[in-house]
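Each remark here refers to the structure printed beneath this line.
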Amino acid sequence: MIGRAAQGNPWIFQEINHYLKTGEKLALPSPEEIHKTLIKHVTRLHQFYGEQQGVRIVRKHISWYSRKQKHTNTVSHSINHIESAREQIFALNNLFFEVQRFAA
């Protein structure tokens, strides 16, 4: 049951552990933390699978991470057409820059 909830939300395990210990909900991760974690995850997937396959596999992960973020639908859709790991990272950085700009 927890598998789907963990897609794009690796913090869920910390949240559950914190709740079981304290009975209180843990604060949601900041957009900066989500961005940092996503870039690290995407980079490692590119390295593990190689650029061609990694770029394609990463697309679903980007969708999972961004589904709870505001203002990401249009940009995340355009990221799905990128065929280069470098361009994918660049687009993700721009996406989160825009999310932070809208939040301000």
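Checked against the criterion of being modelled with pLDDT under 90 and among the small types (Gly, Ala, Ser), the range 20-34 has at least one qualifying residue. Starting from the range 1-30, keep only residues that are of a type in the set (Asp, Glu), then list their pairs with residues that are surrounded by fewer than 11 Cβ atoms within 10 Å (Cβ to Cβ) whose Cβ atoms are within a distance under 8 Å, requiring at least 6 positions of separation or different chains. The qualifying pairs are Glu15/Lys25. Residues that are surrounded by 14 or more Cβ atoms within 10 Å (Cβ to Cβ) and not in a loop (DSSP other than H, G, I, E, B) within the range 21-38 comprise Pro31, Ile34, His35, Thr37, Leu38, listed in sequence order.
I want to confirm something. Restricting to the range 1-20 and keeping residues that are small (Gly, Ala, Ser) and in a helix (DSSP H, G or I), which single residue is surrounded by the fewest Cβ atoms within 10 Å (Cβ to Cβ)? In this case the residue turns out to be Gly3.
The values are calculated or read from the model by the stated rules, or taken from the named source; none is laboratory data. None of these values were measured; they are calculated from a predicted model. Heads up, the Cβs are rebuilt from the backbone with ideal geometry, glycines too, and the neighbour counts pull from every protein chain shown.
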